[in-house]
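Here the structure comes first, spelled out in structure tokens, and everything after it is commentary.
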Amino acid sequence: MKYINAVIDGLSVSVEEGKTIMEAADSIGSHVPRLCFHPFLSTEGACRICVVDVEGYNNHLPACATKLQDGMIITTNSPSLRETRRDLVELLLDNHPKNCLTCERDGNCELQNLSYKLGVRERLFEGWRKEFKFDDSNVSVLRDAEKCILCKRCVRVCSEIQGVHNLSQMYRGVQTVVSPAFMAPMDESVCIKCGQCINVCPTAAFIERDETDKVWEAINDPNKFVVVQTAPAIRSAIGEGWDMPYSTSWTGKTVTALRRLGFDAVFDTDFTADLTIMEESHELMERLKSGENLPMITSCSPGWINFVEHFYPELLPNVSSCKSPMQMLSTLAKTYYAEKMHKDPKDIYVVAVMPCVAKKFEATRPEHFSPNGYPYTDAVLTTRELIWMIKAYGIDFVKLHEDEFDVPLGTSSGAGDIFGATGGVMEAALRTAYEKITGESIENLTFTEVRAVEGLREATIDIKGTLVNVAVANGLNNAKIILEKVKSGEKQFHLIEIMACPGGCVNGGGQPIPHVNKFIYPLDKDLVKKRQQALYTIDEAKTLRKSHENPAILELYKEFLEAPGSHIAHELLHTTYSEKSPKGIK
Amino acid sequence: MCTNKKYTLSDEIVDYINECLSKEHPESYLIAILHKVQGIYGFLSEIHLDEVAHLLQVPTANVYGVATFYHYFRLKPRGQFAISVCMGTACFVKGADSVLTSFKSELGIDMGETTSDGLFSLEGTRCIGVCALAPVVTINDRVYSNVVSQQVSQILNEIKAAERV
Amino acid sequence: MPEILKKYGKIKETLDYASTDVKSTGITVIQVGSATCENAAGAEAVKFEFQKLINASGRDNIVIKQTGCTGRCSQEPIVGVFAPDNFPVKYKQVTVDKVAEIFQSHVLGGTPVVSLMLDKNTNIIYDHIITFCETNYEKRPDHLELSELFQERLAHHGISNERVRVLKGGNIGLSRFEDDDQHAVMIVFPENVIYRYETVEAMDEIIKEHIIDKTINQKYLIHTEKLTEEYMKFYGDVSFFNKQSRITLRNCGIIDPENITDYIHAQGFKALALILEKNDPEWIINEILDSGLRGRGGGGFPVGAKWRNTRTLKQDPIKYVICNADEGDPGAFMDRSALEGDPFSIIEGMTIGAFSMGASKGYLYIRAEYPLAIARIENAIKIAREYGFLGKDILGSGFDFDLEIRLGAGAFVCGEETALIHSIEGLRGQPRIRPPYPSLSGLWGHPTCINNVETWANIPPIIIYGAEWFNRIGTVGSKGTKVFALAGKVKNTGLIEVPMGTTLREVIFDIGGGVFGDNQFKAVQTGGPSGGCIPEHLIDTPIDYESLKEVGSMMGSGGMIVLDHTDCMVQTARYFLEFTQDESCGKCLPCREGTLRMLEILERITTGQAVMADLDKLYRLGNMIKKTSLCGLGQSAPNPVLSAIENFREEFEIHIKEHRCPTQKCSKLISYHVIADKCTGCTLCARRCPVLCITGGRKQVHEIIQSQCIKCGECFNVCKFDAIQKI
């Protein structure tokens, strides 16, 4: 490896060849202000805020996009550079709404933060300001083009990571705007509602639909029995809202907080994760027997379901018919649980706390309404929204004691916990499949070969001579690679797990956005690993680690569902998909 | 390929796109295809852009991003006679703005608009490279040189008269 | 003779050029200009009219030929008549009604129509026209130019200057014979012979033999090919062309651009045959390097260095060459003219470049606004393929190269090379950060060399006449010639080509004939929206890359707009900024947002709402945008404004402090009034006023209600009695 030697702000640096000026400066503690830069997306070099001076060049050079060269003498700070950066940030502010105090990203907005740090205290150049209609057509992702600073991170994540290509810059010059094709509302686009655009947006040009008011109202309605469920990935990230350590899970405190907020029953989506494994493994066995519709592809991720409906309708028969764990739990809450508690399902209000914004859309799908016309899930909150609610209520999350979920929809195995990590569904399924196929007890419960932090994994699992070809993909560009292999018949897979979000649910579009001053960006593999680690730790600490051994599940089948794949199971726990328009272009 | 589906685009264009698909870097022909579509239909409609996107397998958002980036492309139909007043430097210096004002007041429309009878539309254009004969105005393919604002009503009347015949 | 040159020679032989040669066949050629500008001036109707007259005359020895733009745009349509044994005559502004007279009198009757001739001094039909190549001939007395010495000798021999016209001379492409200060080199027309001699005695000898005895002096006669051989023959002495040197435009307005025969007989594809025969790419690159040729698109990067980088930086079997013909500068039409007038030379230049760099595919990126140029180049590509100058195994050399046309779609920024590459790739034409430069990673990531039309057109002559020849033309840092589109308030608008180092004054006043209407010269704008306005006191600035930069402008691609005392510099600055602001691609923040704010400030100044602090803000923003923008468009966008403030600060201050526009160009700062004495009460202005703010009935003096007036100037424009005044 060749090393490059240069001088930055009077200090000698030596870094590996190919590193940028920004990387080199970071290594010696010269933090060049930056905005459009995102370490896990392609380099745009458009905001010019990270410009520095290099001896021998008349113009300022962007630190993010300029490779360090031997002998460069670099200044990252000077009166002229500071004025330049200040003026650039002011130019953005001059074309930006002035409602910071009421903005969702107030206090965690990269633009606001830069403006503060660079000392934009007066407006020198203010004039015309762009005006766009707020796009709230979509139930998951809302778009406020007036807040857009045209850094293109959303365009980049939507194409480079997700392969959806729903967004592009339209028009040009000061008219430039990021939008779906034809300036269509998000709802009429190929948007799969994964919400990754929200996570990477430095401002609030993309945000989720806020459903907290709806939930407050339900909680305060004496006639409503408000049930809440929390997804596996919530417990690994919610602590970030109070700057608590990573790699740790906060299950007990979350349960306490939810009770304090006034929820009548606090359930765990992990429970239905276990149930999903029961139904899905049964479905897989059936398909393996008949040889039809193989490989089977998991159906937990609603972003992925939107993707397959828009982009790969030809593969819909391959998708497992199982509802997602959230929808299974909501359905059971208004059937099994209602019956058990002698409640009218209409009086039960189900709130789901999810790391995901696509879940908000999933809850509104007509397939997820009861035959009597009410939705099984009434409201979906993201992790971020739950943090707001807890803070709004005046609860000091850090000091909470740890509580347990309510029964019966709160008991889960470790297999259910790891659903939040990429490969987790696969691993959970393999634990159950192994025992079902062999009839023997499995010794090694960890299938590290399917833990796909890097986005894509293929493996052949030898289940006592039965070879099962599996693949795990997260991030839809990775999924495309597998799906193309399936279509071409290049490789015969049996089971494929696909999660829309890179890293799986722990990095979902509804997860906390690390504080701007931390310089930890969503998509950071290290962040993903830490959140995953929290889930693996829970799993390892549990004695109950296999879905099919979850006693609450066994009781559920005994009391209500009969057996996996039974008629009633099909009626309540399975769903259908259909091709959606506009059709996506892969 | 997409031959079993019915397209509103003409066969000529569908064939052309299929021809592009057989070449290296088919997506690079997008702009050429849009030129052809506009050449035939006068503008780029959403349905046509959508069909181009699917035929060429370029994401629709990208197709629209390209169509809106380049000022040569029109997203709305224009009049039977498209009047373009050159706003290049030479024309500007020689009084193109007063010619434009005359067209606006004669036609009662603003830039980018079409008269209610669909006969005329008015647009400004970038330099067409006939600077030495400034100011110039093009109406469809015909170039009028050394135009002065007093001539505007005469030019329009001639076209209207020819149209009546 | 080696194989490839032999093959080239054979192709040349098969082309029937003689049939159209005036001298040998007795055919009369009527040459009608055919380019976008000519057509706009009505050339097509003129051509049709001539054809009708030829048909009616029943003569079969009169032919019509078309040619590209001669550059004399203000005089178009131009028609040339070439009758056997006569100097050619060019007619100006030939409208359809003048065709019959020219045809009857000149074509059929042999008497040129003097009143319609292009330039007055061609009215005299000389016996001879003599031109010298510019050298520092040592034998001449210090106070005399070489041409003046010759005239003195003529007078000595008693020859009237009405019989022989002596031109000062220029660079007319006499290859190696222009080299030393020991010799004088001259061409004598119409015999079209070249003499090279050392002494004044030899000069006398030639005068005696050639001029007096009408025999050709064999002793000093030399044979060499001339770059612009046809040019003098076709144009004779035309004042517009004095001081010009045509390398890029050597064939424009002379050959038929749709006819490969014409091109080949103007030495077309000879350079290509030469380099293929030599089969030494390094040699080509060294020649281009040694020639000192710099990119003509604006940046002025050494062409040879770019070629070497493309050739050597990356081992890649796929490489591309691109011709940038996205001439987007408002006020520039050099590329259009070259493409329309001499398309084959662009193809030849690109093919030579491709061979040297190892590219097998080339793209011509042309503005869609240039339909005729596109048609001409398409036609030229097709014909070149048919004759084996393009495609597989060019001239039997084993070298494959082909060209494809890609159309632009109205985006100025696509003149920037990385934006252009994106556009060819079918994307939004937004630039990307360089490095990597296209020579390392360009089109689809492969090494790519992009040069503009004018640059490519310079390649064949450099190969034929050598780097040394080219290197002698121009200044120390800027070699060769540069084409300019001369427009605005100048008498002779059009295309000109001058050696680098020619001063702005020479271009505007000698070639351009001075300011239109003999108004007072105010400034000249060069470099288009990336350049600046050069005021009168800097008009002796020589034209070269560095000098123009020093005075706050730039070479750019070659637009040159003359402004007179009626032009408002604030408006001019605003005009250019409005252009770049509108053409900003929107990618980088300083250009996108910054130019908008600069434009707002300029608008405040032109409407009397600005304060002096706004000037400082313009400076602050302008300098920031220059230093911070991503691409050349943004980095140069503030130039027109900054240079205008620099040179015309007083005018800005008058706008700001006094709310007054000295040139009365800023509509918000002027008002219209009816001059009672002149108003006849015709009501025209009242009827045309878009806001109906003019009162007064028929035969009554009208009045403009100032509070309602929107200052559109319509009344001023329509009044037939000059009864409206601007204050």
What is the residue count in segment C:370-404 for residues that are within 14 Å of chain B (Cβ to nearest Cβ), touching an Asp or Glu at 6+ places or on another chain (Cβ under 9 Å) and buried (at least 16 other Cβ atoms within 10 Å of the Cβ)? 4
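Sort out for me the helices (runs of 4 or more DSSP H) sitting completely within segment A:130-225 that have 3 or more residues that are farther than 20 Å from residue A:364 by Cβ and within 14 Å of chain C (Cβ to nearest Cβ).
Details: elements: A:153-156, A:196-200, A:212-219.
By residue number, A:153-156.
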Over segment C:546-574, the set of residues buried (at least 20 other Cβ atoms within 10 Å of the Cβ), of a type outside the set (A, V, I, L, M) and farther than 30 Å from residue A:148 by Cβ is C:547, C:552, C:553, C:556, C:557, C:558, C:559, C:567, C:568, C:571, C:572
In segment A:58-102, which residues are at the interface with chain C (Cβ under 8 Å from one of its Cβ atoms), of a type in the set (Asp, Glu) and more than 22 Å from residue A:173 (Cα to Cα)? A:83
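Every residue, every condition in (1) closer than 25 Å to residue C:626 by Cα; (2) in contact with a helix residue (DSSP H, G or I) (Cβ under 6 Å, 6 or more places away or on another chain), yes or no:
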site	(1), (2)
A:3	no, no
A:7	no, no
A:12	no, no
A:28	no, no
A:36	yes, no
A:49	yes, yes
A:61	yes, no
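Based on this model, can you work out whether residue A:115 counts as more than 10 Å from chain C (Cβ to nearest Cβ) and either part of a helix (DSSP H, G or I) or crowded, with 18+ Cβ neighbours inside 10 Å (or both)? Walk me through how you get there before you give the answer.
Working: more than 10 Å from chain C (Cβ to nearest Cβ): yes; either part of a helix (DSSP H, G or I) or crowded, with 18+ Cβ neighbours inside 10 Å (or both): yes.
Yes: the conditions hold for residue A:115.
Just to be sure before I move on: is residue B:76 surrounded by fewer than 18 Cβ atoms within 10 Å (Cβ to Cβ) and at pLDDT 85 or above in the structure I sent?
Values: surrounded by fewer than 18 Cβ atoms within 10 Å (Cβ to Cβ): yes; at pLDDT 85 or above: yes.
Here the answer is yes, as residue B:76 does meet what is asked.
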Give me the helices (runs of 4 or more DSSP H) completely within segment A:524-586, filtered to those with at least 3 residues that are over 24 Å from residue A:286 (Cα atoms), ordered by residue number. A:525-541
If the requirement is being crowded, with 24+ Cβ neighbours inside 10 Å and in contact (Cβ under 8 Å) with a residue 40 or more places away in the chain, which of these qualifies: B:82, B:67, B:90? B:90
Please give the helices (runs of 4 or more DSSP H) falling wholly within segment C:163-270 in which 3 or more residues are buried (at least 20 other Cβ atoms within 10 Å of the Cβ) and at pLDDT 80 or above. C:260-265
Tally time: how many residues in segment C:367-386 are touching a Ser or Thr at 6+ places or on another chain (Cβ under 9 Å) and outside any helix (DSSP H, G or I)? 2
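Only one residue in B:89, B:125 is in contact with a helix residue (DSSP H, G or I) (Cβ under 9 Å, 6 or more places away or on another chain), within 20 Å of residue C:580 (Cα to Cα), polar (S, T, N, Q) and not assigned by TED's automatic domain parsing to the domain that holds residue B:38. Which one?
B:89
State all residues of segment A:449-480 that are surrounded by fewer than 16 Cβ atoms within 10 Å (Cβ to Cβ), within 16 Å of residue A:495 (Cα to Cα) and under 28 Å from the mean Cα position of the chain (by Cα); if no residue qualifies, say none. Reasoning before the result, please.
Pass one, segment A:449-480, residues surrounded by fewer than 16 Cβ atoms within 10 Å (Cβ to Cβ): A:454, A:460, A:462, A:464-467.
Now drop any that are not within 16 Å of residue A:495 (Cα to Cα), which leaves A:460, A:462, A:466-467.
Scanning segment A:449-480 gives a single hit, A:460.
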With respect to residue C:359, is the statement that it is within 14 Å of chain B (Cβ to nearest Cβ), part of a loop (DSSP other than H, G, I, E, B) and of a type in the set (A, V, I, L, M, F, W, C) true? no
Among the listed residues A:547, A:566, A:578, identify the single one that is among the polar types (S, T, N, Q) and outside the structural domain of residue A:453 (by TED's automatic domain parsing). A:578
Please pick out the residue among C:654, C:645 that is among the hydrophobic types (A, V, I, L, M, F, W, C), outside the structural domain of residue C:556 (by TED's automatic domain parsing), within 25 Å of residue C:525 (Cα to Cα) and touching a Lys or Arg at 6+ places or on another chain (Cβ under 7 Å). C:654
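Could you name every one of the helices (runs of 4 or more DSSP H) located completely within segment C:617-717 that has at least 3 residues being acidic (Asp, Glu) and modelled with pLDDT of 95 or more?
Values: elements: C:632-636, C:639-658, C:684-688.
Qualifying helices (runs of 4 or more DSSP H): C:639-658.
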Name the pairs whose Cβ atoms lie under 8 Å apart, with the first residue in segment B:14-28 and facing chain C (nearest Cβ under 9 Å), the second in a helix (DSSP H, G or I) and modelled with pLDDT of 95 or more, and 6 or more positions between them or separate chains? B:25/C:444; B:26/B:20; B:26/B:56; B:27/B:56; B:28/C:424
What tally of residues in segment B:119-145 results from selecting those that are touching a residue at least 40 places away in the same chain (Cβ under 8 Å), part of a loop (DSSP other than H, G, I, E, B) and either surrounded by fewer than 20 Cβ atoms within 10 Å (Cβ to Cβ) or more than 14 Å from every other protein chain (Cβ to nearest Cβ) (or both)? 2
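Here is a check on your reading of the model: is residue A:291 on the phi > 0 side of the Ramachandran plot and in contact with a Phe, Trp or Tyr (Cβ under 9 Å, 6 or more places away or on another chain)?
Values: on the phi > 0 side of the Ramachandran plot: yes; in contact with a Phe, Trp or Tyr (Cβ under 9 Å, 6 or more places away or on another chain): no.
Taking the combined requirement at face value, the residue does not satisfy it.
Tell me, please, whether a residue that is charged (D, E, K, R) and more than 28 Å from the chain's Cα centre (by Cα) can be found in segment A:30-47.
Within segment A:30-47, the first condition is being charged (D, E, K, R), and the residues that meet it are A:34, A:44.
Applying the additional criterion that residues be more than 28 Å from the chain's Cα centre (by Cα) yields none.
No, that holds for no residue.
Right, residue C:547: within 14 Å of chain A (Cβ to nearest Cβ) and under 26 Å from residue C:296 (Cβ atoms) or not? Don't jump to the end; show me each part of the working.
Details: within 14 Å of chain A (Cβ to nearest Cβ): no; under 26 Å from residue C:296 (Cβ atoms): yes.
So residue C:547 fails the test.
I'd like the residue in segment B:54-96 that is of a type in the set (Gly, Ala, Ser) and within 12 Å of chain C (Cβ to nearest Cβ) and, out of all such residues, is farthest from residue C:528 (Cα to Cα).
Quick first cut of segment B:54-96, residues of a type in the set (Gly, Ala, Ser) only: B:61, B:65, B:67, B:79, B:82, B:84, B:88, B:90, B:95-96.
Those left that are additionally within 12 Å of chain C (Cβ to nearest Cβ): B:61, B:65, B:67, B:84, B:88, B:90, B:95-96.
Values: B:61: 34, B:65: 28, B:67: 26, B:84: 21, B:88: 10, B:90: 11, B:95: 18, B:96: 17 Å.
Within segment B:54-96, the match that is farthest from residue C:528 (Cα to Cα) is B:61.
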Consider only pairs whose beta carbons are under 9 Å apart and that are at least six residues apart or on different chains; among these, list those whose first residue lies in segment A:557-572 and is in contact (Cβ under 8 Å) with a residue 24 or more places away in the chain and whose second residue is in a helix (DSSP H, G or I) and among the polar types (S, T, N, Q). A:560/A:335; A:564/A:281; A:572/A:331; A:572/A:335
Report, by residue number, each residue of segment C:38-53 that is farther than 21 Å from residue B:142 by Cα and surrounded by fewer than 18 Cβ atoms within 10 Å (Cβ to Cβ). C:51, C:52
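The values are calculated or read from the model by the stated rules, or taken from the named source; none is laboratory data. None of the values given here were measured: they were computed from a predicted structure. Heads up, the Cβs are rebuilt from the backbone with ideal geometry, glycines too, and the neighbour counts pull from every protein chain shown.
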